[in-house]
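For reference, the structure is listed below as structure tokens.
The values are calculated or read from the model by the stated rules, or taken from the named source; none is laboratory data. What you are looking at is a predicted structure, and each value in this text was computed from that prediction instead of being measured. For neighbour counting, all protein chains shown are included, and Cβ atoms are generated from backbone atoms with ideal geometry for every residue, glycine included. For accessibility, only protein heavy atoms count, side chains too; no ligands or nucleic acids. Shrake-Rupley method; radii C 1.70, N 1.55, O 1.52, S 1.80 Å.
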Amino acid sequence: MATNRTFTMIKPDAFSAGNSGAILKMIEEAGFKIIAMKATQLTPATAGKFYEVHKERPFYADLCAYMSSGPIIAAILEKENAVEDFRKLIGATNPADAAEGTIRKIFAKSIEANAVHGSDSDENAAIEGNFYFSQIERIG
Ligand code: GDP
């Protein structure tokens, strides 16, 4: 069943470039409500745990190093059809393939340093949100 929540991270490249505000503005203007949010920095071990599903992929070690290289913003977002609509708003994984006007097209530097994370399913949105936040039902 589709839920109305997704999970996002503003990744280290976008955070360090000072693009967090502009990205959050695009997210809010697209109709997403922020119901939980924090700035933090992952350790390599925590990044490894978050991306464990990718551990067999050749870029896993690089991805964990990159995702722990600087601060990020983690947030839970609410909107009808949140997961699908947010994937549309961020665009393809590789910014070279991302549609015009998408967050990754505008802000991503590379396929790895691609500005934002967006959950790919309702199930993962719940798992990823719970990875960072507890008691979110009390917020928003
Ligand atoms: P997403 O769902 O669009 O974020 O893409 P994936 O789940 O396939 O990959 C997770 C993250 O790994 C991406 O957002 C990128 O940061 C990184 N990534 C994906 N593919 C590659 C790749 O081919 N090379 C490198 N270096 N990083 C990648």
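Touching a residue at least 60 places away in the same chain (Cβ under 8 Å), within 14 Å of the ligand (Cβ to nearest atom), of a type outside the set (D, E) and surrounded by 13 or more Cβ atoms within 10 Å (Cβ to Cβ) - does that describe any residue in the range 52-70? No: the range 52-70 contains no residue that is touching a residue at least 60 places away in the same chain (Cβ under 8 Å), within 14 Å of the ligand (Cβ to nearest atom), of a type outside the set (D, E) and surrounded by 13 or more Cβ atoms within 10 Å (Cβ to Cβ). Selection within the range 90-114: residues that are among the aliphatic types (A, V, I, L, M) and out of contact with any strand residue (DSSP E or B) (no Cβ under 7 Å at 6 or more places or on another chain). The member of this set that is nearest to the ligand (Cβ to nearest atom) is I111.
Residue-by-condition table, conditions (1) at positive phi; (2) modelled with pLDDT of 95 or more; (3) open to solvent by 30 Å² or more (accessible area, probe 1.4 Å):
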{"site": "E84", "(1), (2), (3)": "no, yes, yes"}
{"site": "I103", "(1), (2), (3)": "no, yes, no"}
{"site": "F107", "(1), (2), (3)": "no, yes, yes"}
{"site": "N114", "(1), (2), (3)": "no, yes, no"}
{"site": "A125", "(1), (2), (3)": "no, yes, no"}
{"site": "E128", "(1), (2), (3)": "no, yes, no"}
{"site": "G140", "(1), (2), (3)": "yes, no, yes"}
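Entry remark, the range 72-98: residues being under 14 Å from D13 (Cβ atoms) and touching a Leu at 6+ places or on another chain (Cβ under 9 Å) number 2 in total. The helices (runs of 4 or more DSSP H) located wholly in the range 1-119 that include 3 or more residues which are of a type in the set (A, V, I, L, M) occupy 20-29, 60-67, 82-90. One residue stands out among those in the range 7-21 that are of a type outside the set (F, W, Y) and in contact with a Gly (Cβ under 6 Å, 6 or more places away or on another chain): the one that is most open to solvent (accessible area, probe 1.4 Å), which is S16.
Would you confirm, using the coordinates I've provided, whether M26 is within 17 Å of F133 (Cβ to Cβ), at pLDDT 95 or above and of a type outside the set (S, T, N, Q)? When the stated conditions are applied, M26 does not pass them.
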